[in-house]
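Accompanying notes for the structure given below.
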Amino acid sequence: MERLIAPATVWTGETVIERGAILIRDGTVVAIGPIDEVSSADGAERIDGSGKLAIPGLINAHTHLYSSLARGMAVTPFAPTSFTEILEQLWWKLDKALDPESLRASALIGAMEAARCGVTTLIDHHASPNAIPGSLDAVKEEVCDRLGLRGVFCYELSDRDGPERSEKGIDENLRFFASVGGASPGCSAQFGLHASFTIDEPTLDRVAERIPEECGIHIHVAEGPEDEVLCEQAHGMRIIERLDRYGLLRPTSILAHCLHIDEAEKDLVAERDAVVVHNPRSNMNNAVGLFDLSGFLDRGILAGLGTDGLGANMLAELFTAGILQKHSHADPLVGPFDALHALLFRGNPRIAERLLGVTLGRIDVGAPADIALLDYTPPTPLRSENVLGHLLFGTAVHSLRVADLFVAGRPVLRDGAFVDIDEEAVYAHARAQADRLWGRLG
Ligand SMILES: [Zn+2]
């Protein structure tokens, strides 16, 4: 079937078309241009884009949907003096309390909130140590099958909860990777590892033995300074070198954070063409350190942007990435628009493309129709050369309202409402699940 979005201001990912039109057929963009140059067949569904800005669907390159029900949660005691203690006192309590029902509710709420921020693809890193087998199917079913977003999933393998759960984590990653059959446009898998400091040598040996060659890893790297210190103490080498010895630095491997890796490690990441993902708001919230934005981009490393589970608003995340650089370097010229554009609008689509095997991040003939329609009437001229100024200083800091969202042409949101989801019922169920979950916190 055909859908025609018109008239709308369209940002293709490259250029702005005023009073533009987008024609979608069978999930793919088949025509795009000024409204009088695009015609649809009789019977095409017409979507009024007046007062709206159409942008390519956004991608979150590192998130944790399992944390969606943490909002408002209190843990005691909470007096961390290091990043590891933040994990111990908060996140490792939450993930242990997740059961099959609450992890489903958490995944769906997180995905719906992402959709409301214009996100069409989620790259998730899941943990539920007391509900490991089948957890990735559950998350995938909520995100992809029920809501209709694209997703890449993995289980956060760790030795922190003993050998039995570690083995289950390996099995869940391998089983799920095999079940999705490698890259497909809607859903794919990686092999998840928590972090170097929670993965012992025998476990990494088993991972290296069993991980398929075409499967990348998804791991936190040097998020806190202690990760590198412990790696050198225990293994006599830096984290990137340790992962490389096991052949795990692959073009489909995501290294989240990388705040404390040294220059030689960055060179090795570049040499192996592995992916680095920056999560500025999470890093600031945990007070763990500053991302070397120019150091990664200048090396040609494929760098992207994630929220690390702290919200889903990629435009606000990008805004923060910029002001964090400026503030930290005490230089308003650091973190310029082209570097920010490289993270979210070039990096993330290329990362997703490596994992899903589909071209994302642009509205163009032949590309899948992953499109967000934002309610946006600018008070100043909007042109190809100043789009980022509008997205960051308009939608990100004033108000972001996604009226319509399409994934492969299929509507997820229409006129501000979910198409196939009873939002009120889902939120009521989530509150009940959160109540149960919080009651189980150790
Ligand atoms: Zn993370």
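The values are calculated or read from the model by the stated rules, or taken from the named source; none is laboratory data. Quantities reported herein were computed from a predicted structural model and do not represent experimental measurements. Here Cβ is always computed from backbone atoms with ideal geometry, including for glycine, and neighbour counts include all displayed protein chains.
Here are the numbers for this structure:
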quantity	calculated
Search result, residues across region 256-287 that are away from the ligand (no atom under 16 Å from the Cβ) and not in a loop (DSSP other than H, G, I, E, B)	Glu263, Ala264, Glu265, Lys266, Asp267, Leu268, Val269, Ala270, Glu271, Arg272
Test: Gly389 is within 15 Å of Glu14 (Cα to Cα) and surrounded by fewer than 21 Cβ atoms within 10 Å (Cβ to Cβ)	yes
Close pairs (9 angstrom Cβ cut-off, 6 or more residues apart or separate chains): within 14 Å of Leu343 (Cβ to Cβ) in region 282-295, assigned to a helix (DSSP H, G or I) and within 14 Å of the ligand (Cβ to nearest atom) anywhere	Phe291/Pro280; Phe291/Asn283
Ala107 being within 16 Å of the ligand (Cβ to nearest atom), assigned to a strand (DSSP E or B) and in contact with a helix residue (DSSP H, G or I) (Cβ under 8 Å, 6 or more places away or on another chain)	no
Boolean, Gly366 is at pLDDT 95 or above, touching an Asp or Glu at 6+ places or on another chain (Cβ under 9 Å), more than 30 Å from Leu324 (Cα to Cα) and surrounded by fewer than 14 Cβ atoms within 10 Å (Cβ to Cβ)	no
Condition broken by Tyr376, with the remaining ones in (1) free of Cβ contacts under 8 Å to residues at least 60 places away in the same chain; (2) over 21 Å from Leu290 (Cβ atoms); (3) of a type in the set (Phe, Trp, Tyr) satisfied	(1)
Filter result (of a type outside the set (A, V, I, L, M, F, W, C) and either surrounded by fewer than 22 Cβ atoms within 10 Å (Cβ to Cβ) or in contact with a Pro (Cβ under 6 Å, 6 or more places away or on another chain) (or both)) within region 284-308	Asn285, Asn286, Gly289, Asp292, Ser294, Gly295, Asp298, Arg299, Gly300
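Conditions (1) in contact (Cβ under 8 Å) with a residue 40 or more places away in the chain; (2) of a type in the set (Val, Ile, Thr), marked per residue:
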{"site": "Ser188", "(1), (2)": "yes, no"}
{"site": "Gly216", "(1), (2)": "yes, no"}
{"site": "Val221", "(1), (2)": "yes, yes"}
{"site": "His235", "(1), (2)": "no, no"}
{"site": "Tyr246", "(1), (2)": "yes, no"}
